Structures are given as structure tokens and as C-alpha cells.
1. Between residue 379 and residue 183, what FRET efficiency comes out of the Förster formula 1/(1 + (r/R0)^6) with R0 = 45 Å and r the beta carbon distance, rounded to 0.05?
2. Could you work out how far the C-alpha centroid of segment 17-82 sits from that of segment 349-396, in angstrom?
3. Placing unit charges on C-beta atoms (Lys and Arg positive, Asp and Glu negative, everything else neutral), compute the dipole magnitude of segment 265-352 about its Cα centre in debye, rounded to 20.
4. Between residue 439 and residue 548, what is the FRET efficiency for a Förster distance of 56 Å, r being their Cβ-Cβ separation, to the nearest 0.05?
5. Note down the Stokes-Einstein diffusion coefficient of segment 273-357 in µm²/s, whole number, using a Kirkwood radius over alpha carbon pairs, 37 °C, and 0.692 mPa s.
6. Tabulate in residue order the Karplus-calculated ³J(HN,Hα) for segment 288-299, using 6.51 cos²θ - 1.76 cosθ + 1.60 with θ = phi - 60°, rounded to whole Hz; enter x for Gly and Pro.
7. Check residue 228: other-chain or 5+ apart residues with amide H under 5 Å from its amide H, H built from backbone geometry?
8. Identify all lysines with a Cα-Cα distance to residue 331 below 21 Å; exclude those on the same chain that are fewer than 8 residues away in sequence.
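The values are calculated or read from the model by the stated rules, or taken from the named source; none is laboratory data. In this text, all values refer to a predicted model and were calculated from it rather than measured experimentally. Please note: Cβ atoms are built from the backbone with ideal geometry, for glycine as well, and neighbour counts cover all protein chains shown. The accessibility values were calculated without ligands, DNA or RNA, using every heavy atom of the protein model including side chains. Shrake-Rupley method; radii C 1.70, N 1.55, O 1.52, S 1.80 Å.
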Amino acid sequence: MSRHQPTAEPVPDDLTAAVVARLEGDLRVWRRLPGGGRLSIDRRLPFLCVHRLPPGGGDDAGTQELVTGESAYLIAPSEAKAHASMARLVRGIARMAAARFGAFLILEVWAAPHRIANSGADEAAKLDANDRAIAGVDEVEELPPAPGFVIRTNAFDPPDAAIETLAGALRKIKLHNQSAEVEIDPRGRPVPPRMRPILSAAEAERIGCRTIGLEVRPIYDAPGSGNVFPRTLRRLRRSLGRAMKRSFFTFAHAHTNIRPEHYYALGRRTLLKSVWEADRRLAAISDSFDFLLQVTPVNAESAWREFRQSKFSQPPTFHYRPLAVDPALLKRQLYSVPLEKIDDPTLAFVLRQKQDELDRKITLLSDIGTRRFLWGSLQVYGRVEPALLALAEDVLEHVPRGRDESEGGQLDAAAFARRARDEIAHYRRIHPAFRPSVVVRDDIYAGLLVSGGDLLIGRETKVPRRRAEALLQHEIGTHSVTYYNGRAQPLRLLAAGFAGYDGLQEGLAVLAEYLVGGLSRPRLRLLAARVVAVDRLIEGASFVETFRLLRNQHGFPPRVAYTIAMRVYRSGGLTKDAMYLRGLSEILEYLRGGSDLATLYAGKMAVEHVPIIRELIHREVLIPPPLRPRCLDSAGAADRISRLSRGATVLELIDDAPQSKNARRDSEPPA
């Protein structure tokens, strides 16, 4: 199938002059060109990615999208009558940039012909019916082809370092469980087959322009159909974009007078309206419901009394808030967000992840109180991994129960609210936009909850004085701070939360408790018990069976065992509570070797998003977070962080926390 392509016409001379003039002023260029082409240059840069459309709109679906995520690209018609004016446009850009930077690089990308065969499939295809029967092969299975690239260059003074960097980065690409095949052809033409170079070798040498040709195996293209495999194309595009930026980075350092600090800094800074619109709409959908409030029982206190009256033999009956949203309408809004229009591979990845997570959470709202809820929870929060369960059981077996944390007195809800408002005032002096509310509510079981940056406190909450500082750093210093740091960013989703942010959030919050010396033995045992309870839920244990396990085998008081089980069995089975210990383990792994903590507070994200946050900061899309948690500067925090960088384990974290000599029992936590 051929795609319609507008008739190619020469690029007007005044357009070329206007483009060069804008780049001379270091201004952004975005122009549609005759013949279906377009030029996008984010700012003055020493490189240009080029893709030429096949003559007559031939079958080359998807290839141009491999370059449209870059900060400087040209989609050009390939017809002969447009060649001279297109060359004039590129020549003007290259001459201006080479004069500024000392050199210029053109990287032209095209698709290889469809002559791709999988060797395993080929061998199977050679077997006749009798051979297949002998071999026990009923049908020939064609595996998806591996990614493949050929780097071609024969120009003057080839940019060898940039070529080697490109080849090395391409070899790290893996799709369909297959590593990329990469070939360097130093004597090949660095242009698509049957096409003329945009600039002749002599002209390129006079200007100081190097050329690299990159032939891409079109594993994203369904041959002869004009259609693409969208997921494959998105993954290849993102991986290839990183490889090209690494090559541009090496070229800049080897051949030009600029020294970017990171290859991310060569990415696009200006985002199209479609990105901001998608971000706004997804954040609005996320903010339209409070997931944790919706799935938490409103009668947890009365249910506890009934459970106790039954002598812990009858499972409690929980009731939930009426849904304030219509899940079907939310899903209609969710999938009306046109993410296919977003040409920034990094942000398209983040936004698609969030769209998928919101879809699953909205389904969970529909399934509250049903058996289906557990299966949806597993999709969002995952299972308990064997290593995590082993760690939890290790903690419960080897960490002593510790003191009764109520020794030393307790703060009621009103007193803790006053402490929280004082903590908020500290951050507001630094960042006036930091304005979370502190609300004492009757419809929250004894405990603490941050929602939309606000701290919600159950009216019956009792906070041990010994734990007050740790809980302030957990709730205000982590959850509220990351929320308002996210709100300070241009991307609203950093406040609403990137997909899968819960694990890192809870890990950071528990880390904050440790950094202020408040991660006690009972607290660590509680986090481990939550993991065990989630595992029992998944394995089919009843509420009563899990309660008895926590009480009889692990020694938790009845009220604490009930609270753990209630949190895990609410709404039909919520596996989120395994996130606390899992997140803490992820943080320790991240810090091992000295990774920086500050980036993690830029908003609500998962560990996998840390490189993305760094990329967007280098690209100047994001700003450094305005608030730094107080726990990082508390007494002893530097020594504790240093200890973590040397590889401290979870079991070692409570060694320097003050403990009573007379171990008594686990006390009930407020959250």
C-alpha cells in the first residue's frame, strides 16, 4: 500500500534565508516543506537528522518517526526536482552551524529493503513435511526479526569516534529478546539506495560537514501493508534516539567547540502543545478521584469492635464511600487523549504508562468489594516476590519485638496536627506555594494519610511521642514535599504521580524515618508483616487465617494484627502494602554506590523514571526541585546516608535506633 504524498516542489529561497536567520539568532525553527516534508530545529545545534521520503509515497511506513523525536531533523522529499532547493536549505544550515561550532554532522536515516529473514525460521522452512514430522515440528514458527543496522560512510575525514559510539550504543538495543545486529560499512554510500547525496563530498568538505548514513532494518513495518507495529516502533524509536544522541555528544566533543555536559543535553527543549495538553488531561483524570480513600473502609472502627466481640472468629464486614465518579465516563475521557500525536519518545513513554495505570485503577474502582478487585490490584501493584517474602520473614524472625512505643506518652490527633502545621510552616518559608492543609477527620480509621499533598488525620489517632518526628518526615517531609515539588514542575503528572510511583514514595518515606533515627524495631516488623499478609492474601488465606498468623505466630497484639489485615483485605484484596518494604529495598539498592538522593524528590515517580527525570532536567524541560526534605539535613543523616552507600541491609537499619533494654511488645502504629 502506498501512502499519498503531496507533489514535491522546490523550497523557496526566502524560506531558506528565513530559517538560517532564525538559527543565527538561536531561535526555534518549525516549517512545513513542499512535498510533505518538514523541518524542526529546537535551537542552534551542530547536527541534523535527515530522512528522505520514498519517491511517490512508496511503502516506508514509520521510518520518518525514527528521527522526529530529535532536536534537529529534516523530513525531505526525494523527487529530483526538489533536490537542488533541498540541498540549498541543508547547505545554508550546515554552513551557518559549521562556522559557529567548527564542524557539522548530517545523520541520514532510511529503511533497508524487506530482505529480512530469521535464521531459525529459515532452517525450519527448509524442512519438508516428512522432515518436520521426524523432527517433531508441526508448523514453521517465524520469530520476529532482530533489530539490525548498517552504518555507512565514505566521506572525507569520517567522524570515527562518533561512528564507534553510535555502533556501540546500537549494539545495546534489544527487541523481541534479541540483540541488535550492527555492521559498519566504511566504503558504502552514506545515502539511501538510488538517491543522490544532499551535499556532494567536495561541498561537504569545504563547509566542514561530515555525513553518516544509517540503514535500519524495518522490523516495525508490516511488509506490503503500509502499516506498522506501533509498540515495536515506539520501543525502537526511543532506543535509537538515545544511540543517536550519544553519537552527537561524541561528535560535539571530538569535532566542535561546544562541550555538552551530558548527551541528554542535546535533546529537545521545546515541547509541542500536544504534550502539555495530554499531561494536563491525564493529571486531571488522576486528580478526579482519590483512590486510597475510595478503597478504604469507612467503618473500620466499628468493624473492629464486632470482630473482637466474635472472639476473632467471624471476618469483619467493611463498607466503602459511594463512588464520586463514573468509571465508564472516566475511561472515555482517558482514551480520548490523543497520545499518538506526541512525537517526543521519552514523554510519550511516560504518558502511555500513566494512561495504562489509570485504566487499571479505574477498573479497580468498579470492582471494589468483589473478587475481581484482587486481580486488578495485582496488575497495578504486583505480587510478593520470593526474595521480598524471604526478607520479610527474616525481619520477623530476627528483629526483636522492641519496646512498647507508647512509653513516653502519646499525642492525640489535635496535638499531632499542631506539630504538622509547624512542619509545614518551615517549608512554606522556603517555598511560599507549599500550602498543604492538615485535616482531622471522623471517616478515617486511626492513622495518617496524605491525599493531594494534604495531611488527613483520623480523629482517634494516637501518635507515640517517640515516633512523632519520624512520622512528620514520612508524611510531610516525603509525601507532601514530593507533591509540591511536582506541582512546581511544568509537567503536572509529577504531582499526580508517574505510573508505579508508590514503591519509591513509600521507600523514601521509610528512609526518612531512618534518617531522623526513628525507624524502630516495631515499625520494621510492621512493614515485614504487611508483606507476609499480602502473600497470604494472594495464596488464598482468609482474613481470619491471616489475622491468626500475625497474632499467634508473629506475636502482634490483636488490634495491630487486625489493622494489618484490614489494610490488606480491604475492597477485596489490596496488594499495595507490600510496597513499603519493597520500596525500602529498592532505595537501598539505588543508594549502594553513592547515587544522588535529591533527584528522587523532584516529584512522584518510580525508580525506573530517575534516568528520565535526569534527561528532562538536562534538556531544561524540568527544573531542579525547590524543596529539600529536612530529613536529609537532620543530625546524623549524612553518616547514615554514607552507611547506606557502603551497602547496609534492611536488617542493619535499626542498629543505631535507640531501643529500650526491656523488650515488651509491638505497639500499635498510627498509620
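1. For residue 183 and residue 379, the calculated efficiency is 0.65.
2. 43
3. In total the dipole reaches around 60 debye.
4. Working from the Cβ atoms, E equals 0.95.
5. 209
6. Values per residue, Gly and Pro as x: 6, 9, 9, 4, 5, 5, 5, 9, 9, x, 8, 10 Hz.
7. HN-HN under 5 Å from residue 228: 222.
8. Partners found: 341, 354, 361.
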